[in-house]
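Novice: My questions will all concern the structure given below.
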Amino acid sequence: MKYNQSILAGLLCLLSFSSVAKVDDLLQEVKIAAASQEADIKNNQVIFFGPVEVTQGSIKMNADELRVFSKADKSGKTLVATGNPATYTQMMEDGRPATASAKEIRYELATRTLTLIGGATLEQDGSQVTGNRIKYNISLQQLIAESTGKGDDRVITIIQPETYQEEKPDTPVKKQEQQ
């Protein structure tokens, strides 16, 4: 039981990167740079052909192709980046990056949800979660990682050891007298 609690605590440390993510990022405009684009106005969709780079504050996505969907009721946009792999990075308040990669990355702006599909990896400070599919709600700090369920495909979590700083005594330790 205690071992499971340690793993859970490590996962929470790894995956709570939104608590220290730059809050200003979500207040910034989304900028998309691509080699070309096509718009399907009737279906509220724009397709960008790569290489494609998306930036929003410190958030960066790179992909071979990007599809941007707007809901008909204008309640939000979804960005679907595909690549070999597509990548996502965001700088934390402390200056360290959190990264993700997968064949497909879905970023739902309204719900602040990141879904990684196909060879999915989420990493921070050397610790990582890998699986076929990882869904992470940045606002709620909730993560679901899944395998395909076939063969040896498994969800893998690697938690790096915590860095401990040795305590130094304030006064020198006296040598024991030899007898």
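The values are calculated or read from the model by the stated rules, or taken from the named source; none is laboratory data. Fair warning: this is a prediction, and the values are worked out from it, not measured in the lab. Glycine also receives a Cβ, built like all others from the backbone with ideal geometry; neighbour counts cover every protein chain displayed. The protein model used for the area step is the full one, side chains on, heavy atoms only, and it has no ligands, DNA or RNA in it. Shrake-Rupley method; radii C 1.70, N 1.55, O 1.52, S 1.80 Å.
Novice: Work out from phi, with θ = phi - 60° and the Karplus expression 6.51 cos²θ - 1.76 cosθ + 1.60, the ³J(HN,Hα) of each residue of the range 101-114, listed in order in whole Hz, and give x for Gly and Pro.
Specialist: Each residue's phi maps through the Karplus curve to give 8, 5, 5, 9, 10, 9, 10, 9, 5, 5, 9, 6, 10, 10 Hz.
Novice: Per residue, how much accessible surface does the range 47-143 expose to a 1.4 Å probe? Answer in Å², no decimals.
Specialist: Per residue, the range 47-143 has 44 Å² of solvent-accessible surface.
Novice: Still on this structure, please answer the following. Starting at the first residue of the range 36-53, write each ³J(HN,Hα) from the Karplus equation 6.51 cos²θ - 1.76 cosθ + 1.60 with θ = phi - 60°, in whole Hz, x for Gly and Pro.
Specialist: My calculation for the range 36-53 gives 7, 8, 10, 10, 10, 4, 4, 9, 6, 9, 10, 10, 10, 10, x, x, 10, 10 Hz in order.
Novice: Still on this structure, I have one more. Please report the orientation-averaged projected area of the range 52-139, defined via the convex hull of its C-alpha atoms, in nm².
Specialist: 5.8 nm²
Novice: Related question: With a 1.4 Å probe and all protein chains left in place, how much of the accessible area of the range 43-92 comes from carbon and sulfur atoms, in whole percent?
Specialist: Its accessible area is 53 percent carbon and sulfur atoms.
Novice: Once neighbouring chains are kept in place and the probe is 1.4 Å, which whole percent of the accessible area of the range 94-146 is contributed by carbon and sulfur?
Specialist: Carbon and sulfur together cover 45 percent of it.
Novice: Do the alpha carbons of any pairs in LYS77/LYS103; LYS42/LYS103; LYS71/LYS135 sit beyond 24 Å of each other, and which pairs?
Specialist: LYS42/LYS103
Novice: How much accessible area does SER101 have with a 1.4 Å probe, in Å² rounded to the nearest 10?
Specialist: 30 Å²
Novice: Here is a follow-up. Suppose accessible area is computed on protein heavy atoms with a 1.4 Å probe; arrange MET61, MET91 from highest to lowest.
Specialist: I get MET91, MET61, largest accessible area first.
Novice: I'd like the Karplus ³J(HN,Hα) series for the range 123-137: coefficients 6.51, -1.76, 1.60, θ = phi - 60°, whole numbers in Hz, and an x wherever there's a Gly or Pro.
Specialist: These are the phi-based 3J(HN,Hα) values: 9, 8, 6, x, 8, 8, 10, 10, x, 6, 9, 10, 10, 10, 8 Hz.
Novice: Mind grabbing the accessible area of ARG67 for me, 1.4 Å probe, Å², rounded to tens?
Specialist: Accessible area, nearest 10 Å²: 80 Å².
Novice: Can I ask one more? At a 1.4 Å probe radius, which order do THR78, THR157 fall into by accessible area, largest first?
Specialist: Reading off the accessible areas and sorting them downward yields THR157, THR78.
Novice: Label the range 26-100 by shape, choosing from rounded, prolate and oblate, from the square roots a ≥ b ≥ c of the eigenvalues of the Cα gyration tensor; if a/c is under 1.5 it is rounded, and otherwise prolate applies when a/b is larger than b/c, oblate when it is not.
Specialist: oblate
Novice: To the nearest 10 Å², what's TYR107's accessible area with a 1.4 Å probe?
Specialist: 10 Å²
Novice: Something else now. Zone of ARG112 (label point 7 Å along Cα→Cβ, backbone N under 19 Å): which residues in the range 23-45?
Specialist: Residues 23-31 qualify, since their backbone N sits under 19 Å from the label point.
Novice: Report the FRET efficiency, 1/(1 + (r/R0)^6), for SER70 and GLU93, where r is their Cβ-Cβ distance and R0 is 30 Å, rounded to 0.05.
Specialist: Between SER70 and GLU93 the formula returns 0.45.
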